[in-house]
Every structure is written in structure tokens, then in C-alpha cells.
Amino acid sequence: MTTVTFYIQKDGIIYKLNGGKGAEQGKIQNADAESFLSQKKPGRLNVILPKPELIFRKIQFPFSGRRKINLVLPSELENMLPEDPLSYRYSFEFFYAGKNRTDVNVYAIQEITCSYWKNLAKKHGAKLSFFSDALLFNGLLNQYTAEKNHIAVYGIEDYLLVNITENGIPSGFYSYDFKPSGNAEVRELIKDIISRKDLPVFVYAEDRIKQEFLPAGTKINTMEILPGIEKQFLFHSLASVKAFKKLQPAKLSHVKKLPVYGMALAGILLIASILSFSTYLRASGKQRQIDKLNADMNGMFAAAFPEAAKIVDPLAQAKEKVLNGQGSAAPGFPSVLKNMAEITSLFPEGMNAQVDQFTVSGNNITVSGSVDTLRSLETVKTNIENSKNFTITNMGTISFDSKNRVNFNITIGII
């Protein structure tokens, strides 16, 4: 059976064909994919997506029940993605750390991308499999080294991929398309990642990329693997190995109504659900959510700043009081609103920034959003690190949207 493997790139498709009358490899334009499949008639089509087409999110839950996690995942994803969660298909990895904690790695692919390749494979009678270069590279490193904590760098032509693995689990994926005007920013960002993590660095990249983008003095473990295979065809070879992870993108499942076996059973299930993860339940109506949020913010503001005579815009008022050093929180009151205001003040006035999600868990705060440039993100990072009350504990995945805005996910520790 003939197998065609496509590695999708911004400027074309790197392909490899095996089986049938022999082997063939090369590069075609993205628009020529259908005519290529029509001519080659493969029985299997492997599609390797580059990191920019894969959105990675990491979610932590304070419980371990898989059923509970599946119930709350859709609502958790609502504010973590650039678009509506229904615009994506998902693969999940679950990592259990005891009875009271579960980490979930979320891999999201746009629905339009999945549908395009699914329809193309169906039209030409090929069995379709999805892969990600980031996950294939992570799988390769897990077999290449016994190190459970490391940074891995892959680079060809004008594309750079950086993976971070901690405790044997992927914790961050970064990718960059080189542009002469932005190479200095990319160098600074990679320098920051490597210096901040202080982990072994494994590199599978062209020499010019090592010289131009890796900080001077970095102790590099050059990967000597698969001799005779050009670097641009590395992932094609890995996709043919069963041990490496396939993506199985599926639509986000919706909670089905529970069958009614009696009022008593329904009551027990409802009470158990509320007690076990009540903080994750959401009101059914958007307006009720907004009303409750406004009421909660007003309540938090009143508790944090009891001297305030009138509440108009609690977040803006809190920010002003923090900046001017006015007021004091009520004794023993954990002022979420004050933390929000203080972190907001670390984004310089006039910066084109947007905060989409602000999550507080104990002494950690996770902020997700977007800024206009990498330089703006670096400014925010520096302001947080230089503040007296906060420190960055994790710099999550950085990606670019269709308008070239920089999406970020930062976990901030309260000092």
C-alpha cells in the first residue's frame, strides 16, 4: 500500500511517498495537494501539522475523576482559546498526580483544518492520520535521552521549534517563522527560555540556526540520529513508527442528560456533583453569569476597600487605589480584586493588550491574553519580575494569531 506523508509548512508541503513503485520525496505548493493525491492514489495519508496550527493549553484540576473532568472541560476551554471552542477539534492527555490533582494537556486544531484534510482523504480513498511536529519531536526526545527535564530545539530553513519537557511531561511548545525584521526578538525570547529554565538543551538543527539563534555559551547536546535522513524529512520517518503519538482530534463532547431512575437518585447525583466540584458549575444563562460576576466584583471591592462610598467600576477603582497607595484591605480578606488591579497596572498605559482570562488558585494567578508584539510581552514579563508582590513561575505557550498578535499564558506566583 502506498503511503503519502505531508508535512505542512507556511510556504508549501514537504512530502514523502513510500510503497507502490518505490520511494519519492520533495516539495509541492499547498494548492497542489489535491492534484498530487489524485495522481499518486495513496492508501494512507499522514498529515503532520506544524506547531503554529496546533494550540496547546495546560489545565490543572483539583480532583482526579475523569468523568468530572469531562463535564467541566468545555466550560474551562471557553476563555482559553482565540475563537469559540466549537471551532476546534481536540486531543487530550491526562496526567494524574494523586487523588486531588489532574493535569490535562489540551491539543486543539481548527475545525476547518481537520475537515479539509478529512474530506480530501475521503475523496481519494485514503486512510487519514494526523500528527504534530511538536509531539513527534517530544516522543523522539523521550526515547533519545533518559533526561525527564529538557529543552529540545528543531530548526530547518526559516522555521524553529522549541519544546520544553518537565518531569517527563510536555509543558511548553514554541515555534517561530524567521523574518529578518524580527530575528533579534526571537533570539532574545529563546535566550530567555533557555536561561530561565536551566535545563539540558538538545538540538537537531542546521548549523546556521545554532549559530544565529542559540545564546553564546549554551551547552548544546547535538542529536546525531537517523544518519542519511535530511532534517526536513525527520518527522516523515517518525510518523511511520507506531510508537509515536498520533493526534486523534475529536469534537468537544457535550454532557448528555442523565437518565432518570427516580427522584432520590437524581437528588443524590446532584448533591454529590455540587459538593465535589461546585466551583466549576456555571449558570445556564449568559446574563446570569454577567450579573453574578458584577455582584461578586462589587462584593469583593466593598470588602477590600470598606472606606469606598460608591462603587461604579470596581476594577478601575481598585487599580486607581493600588496605584495611588490608597485604602487597605479588610484584615484576613484575600483580595482577588486588588491582585487583578495590581497585575493590570503592570501592563503599560497605551500598550495594545487584551486579557482574556484571569484565574486564581491559591498563591498562583494565571493570566491569558494577547499583546501586539513580542517586545510588548517582554516588557510585561520584565515588569512582573521587577514587582515586589509577584514573580513568574511559568511562561506557557506563546503563539501568533491570524493578525500576528502574540497570544500568551503566564502563571504568576504571589510573593
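Shape of segment 96-185 from the C-alpha gyration tensor: oblate (a/c of 1.5 or more and a/b not above b/c, with a ≥ b ≥ c the square roots of its eigenvalues). Near S240, once Lys and Arg are set to +1 and Asp and Glu to -1 for all other residues with Cβ below 15 Å from its Cβ, the sum equals +4. Taking the DSSP bridge list for segment 1-149 and keeping only pairs wholly inside it, about 70 percent are antiparallel.
Sorting the segments 408-415, 171-178 by their residues' average number of neighbouring beta-carbon atoms within 10 angstrom, most packed first, yields 171-178, 408-415. Subtracting the Cα-Cα distance of E230 and K21 from their residue separation scaled by 0.36 nm leaves 73.1 nm.
On the beta carbon distance between E93 and S38, with R0 = 35 Å, the FRET formula returns roughly 0.45.
Centroid-to-centroid, using Cα positions, segment 1-20 and segment 337-415 are 39 Å apart. When each of the peptides 160-168, 374-382, 132-140 is scored by how many other beta carbons lie within 10 Å of its residues on average, the order from highest to lowest is 132-140, 160-168, 374-382. Put simply, when 208-219, 48-59 are sorted by average Cβ atoms within 10 angstrom per residue, most first, you get 48-59, 208-219. Taking the square roots of five times each eigenvalue of the Cα gyration tensor of segment 364-404, the equivalent ellipsoid has semi-axes of 21, 12, 7 Å, listed largest first. Counting charges near E93 (Lys, Arg +1; Asp, Glu -1) among other residues having Cβ under 13 Å from its Cβ returns a value of +4. One Cα centroid belongs to segment 151-175, the other to segment 52-107; the line between them spans 21 Å.
Here, each number is a calculation from the coordinates, and none is a lab measurement. All figures in this text were calculated on a predicted structure; none of them were measured in a lab. In this analysis, Cβ positions are derived from the backbone assuming ideal geometry, glycine residues included, and neighbour counts consider all displayed protein chains.
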